[in-house]
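S.K.: Below you will find the structure I want to go over with you.
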Amino acid sequence: ATPASDTQVGGAREQATAQSPAASGAPHRWPATPAPIKRATDLTGVLILKHEDLFLLTDPFGDIHADSRGLGLYQDDTRLLSHYEVRIDEQRPVILRTGVGGSFTSRLQLTNPAYLRNPDGPDPEIGLRAQSLGILRERVLAGGFRERITVDNFTTQPEHQRISLRLAADYADIFEVR
């Protein structure tokens with residue numbers, strides 16, 4: 001199955017699917033080889049949600065990746081999700097505000113950095129100015145993990161950007177991570 005999320009751009013609903021930048025429309029499958037398990041040594045800057053036997057630990061951007069903090073989605077003593085990131089045109093969004101509503105919901109407000117056309121060419125030009133898109137990640141951790149990603153276009157014309165989701169699971173025991 002291809003990872004997907006609901007997105008909203010300029011009032012129209014679109015479907016975001018994980019694709020490589022070079023893909024010509026076919027979803028890209030990332031390699032199934034698991035990344036080495038890194039031991040958690042520091043919880044600085046970690047956003048934490050908890051509900052019953054579920055724990056979600058992410059970086060301030062809302063992403064999960066291998067680092068020294070043991071980020072992931074855990075149920076009981078097992079990490080179910082070891083990698084989860086959202087990119088817009090292969091770039092990480094910029095944080096505007098992060099908020100936790102109770103221990104099991106959160107809202108992350110993000111925006112886009114400036115995107116350049118022909119960034120490696122002799123005359124790179126701005127394709128999309130910084131802060132033209134509003135990106136809202138709303139999360140609920142109850143009976144599972146759900147996230148709604150909404151993208152609002154604040155320009156006067158339609159914009160075409162690729163939203164990619166990357167997911168991985170390693171099913172590591174919490175004692176391997178700690």
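S.K.: Would you work out the relative contact order for the stretch 50-178, in percent, from Cα pairs under 8 angstrom that are 6 or more residues apart?
M.R.: 27 percent
S.K.: Right, here's the next one. Please compute the length gained on full extension between VAL46 and GLN75, using 0.36 nm multiplied by the number of residues separating them and subtracting their Cα-Cα distance.
M.R.: So the extension gain works out to 8.7 nm.
S.K.: Per residue of the stretch 124-136, in order, report the coupling 6.51 cos²θ - 1.76 cosθ + 1.60 (Karplus, θ = phi - 60°) as ³J(HN,Hα) in whole Hz, putting x for Gly and Pro.
M.R.: With the stated coefficients, the stretch 124-136 comes to x, 10, 6, x, 8, 5, 4, 6, 8, 10, x, 10, 10 Hz.
S.K.: Provide the solvent-accessible area of ILE48, counting protein heavy atoms only and rolling a 1.4 Å probe, rounded to the nearest 10 Å².
M.R.: Near enough 90 Å² of accessible area.
S.K.: Which ³J(HN,Hα) values in Hz, rounded to whole numbers, follow from the phi angles of the stretch 74-86 under the Karplus curve 6.51 cos²θ - 1.76 cosθ + 1.60, where θ = phi - 60° and Gly and Pro get x?
M.R.: Values per residue, Gly and Pro as x: 10, 10, 6, 10, 10, 7, 7, 10, 10, 8, 7, 9, 10 Hz.
S.K.: In terms of solvent-accessible area of protein heavy atoms at a 1.4 angstrom probe, what is the ranking of ASP152, ASP63, ASP170, highest value first?
M.R.: ASP152, ASP170, ASP63
S.K.: Which residues does a label at ILE126 reach in the stretch 143-165, if reach means a backbone N under 20 Å from a point 7 Å past the Cα toward the Cβ?
M.R.: 152-162
S.K.: Further, regarding this structure: By accessible area of protein heavy atoms, probe 1.4 Å, what ranking do PHE145, PHE175, PHE154 get, highest first?
M.R.: PHE154, PHE175, PHE145
The values are calculated or read from the model by the stated rules, or taken from the named source; none is laboratory data. The model shown is predicted, which means the values in this text are computed figures rather than measured ones. Every residue, glycine as well, gets a Cβ built from its backbone with ideal geometry; the counts of neighbours run over all protein chains shown. Side chains are part of the model used for accessible areas, which takes the heavy atoms of the whole protein and leaves out ligands, DNA and RNA. Shrake-Rupley method; radii C 1.70, N 1.55, O 1.52, S 1.80 Å.
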